[in-house]
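One structure below.
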Amino acid sequence: MDDNKLWEIRLFVYRHFVETTRPPVVNETATHFNLSHEEAASAYKKLHRHHALFLQPGTHKILMANPFSGVATSFQVHANDKTYFANCAWDSLGIPAALHADAEIEATCAQSGEPIHLRVAGTQVQGKDTLVHFLVPFREWYNDLTVT
C-alpha cells in the first residue's frame with residue numbers, strides 16, 4: 001500500500017471519530033476503501049508503527065487517535081451535541097481544538113477523585129483554576145503512551 005493511501009486511511013479514521021465519536025473497525029475501513037480485511041488491518045498496523053494511531057495490544061482495534069480515545073475514559077468532552085472520550089487532560093483540550101468547537105469537559109482528578117468541569121468557548125478555557133500535572137516527562141510519553 002502506498003503512503004498516500006495510508007494517510008487517506010488515517011484521515012478516514014479521524015473523520016469517523018468526528019462523525020460517530022468512535023473509531024472505525026477494520027471492516028468499516030476495508031469497505032470504505034474497497035480493501036480486503038487483511039489490507040485494512042495491515043494499514044492499521046503501519047499507522048500504529050508511525051504513531052499516527054494506537055491499537056489495543058494484540059488486536060486491530062483502535063485504542064486512540066490522539067486526541068480521541070477509542071474506549072471510554074474519565075475525560076468526557078461534550079461538543080457539537082456529541083460526547084467524545086479523550087485519552088487524558090491534555091487531549092480533552094485537544095478535542096475542542098480539533099473540532100474548532102466550543103465544548104464542556106467533564107473529568108475526575110486522578111489524585112483527589114474530585115470532579116473537574118471546564119468549558120472551552122471561542123478557544124479560551126473557562127472554569128475554576130485547574131492545574132494539570134503530567135507524571136511522565138514528554139520525552140518519555142511514547143515509551144508507553146497508554147500509561148502516560
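The values are calculated or read from the model by the stated rules, or taken from the named source; none is laboratory data. Computed from a prediction, not measured in an experiment: that's the story for all the values here. Quick reminder, even Gly has a Cβ in these numbers, built from the backbone with ideal geometry, and neighbours come from all protein chains shown.
The residue list VAL125, VAL77, VAL71 contains one member that is over 26 Å from MET1 (Cβ atoms), crowded, with 21+ Cβ neighbours inside 10 Å and β-branched (Val, Ile, Thr), which is VAL77. Look at the stretch 123-144: where a residue is under 29 Å from ARG49 (Cβ atoms) and of a type in the set (Ser, Thr, Tyr), no partner that is modelled with pLDDT under 70 and not in a loop (DSSP other than H, G, I, E, B) sits 6+ places away or on another chain with Cβ atoms under 7 Å.
Looking for whichever is touching a residue at least 60 places away in the same chain (Cβ under 8 Å) and either of a type in the set (D, E, K, R) or part of a loop (DSSP other than H, G, I, E, B) (or both) here; the options are HIS60, HIS51. Which one fits? None of the others qualify; the one that does is HIS51.
For ALA41, the criteria (1) at pLDDT 95 or above; (2) in a helix (DSSP H, G or I); (3) within 18 Å of the chain's Cα centre (by Cα) hold in every case but one, which is (3). Screening SER92 against (1) crowded, with 16+ Cβ neighbours inside 10 Å; (2) not in a helix (DSSP H, G or I) leaves a single unmet condition, (2). Within the stretch 1-24, the set of residues being aliphatic (A, V, I, L, M) and either touching a residue at least 12 places away in the same chain (Cβ under 8 Å) or outside any helix (DSSP H, G or I) (or both) comprises MET1, LEU6, ILE9, VAL13, VAL18.
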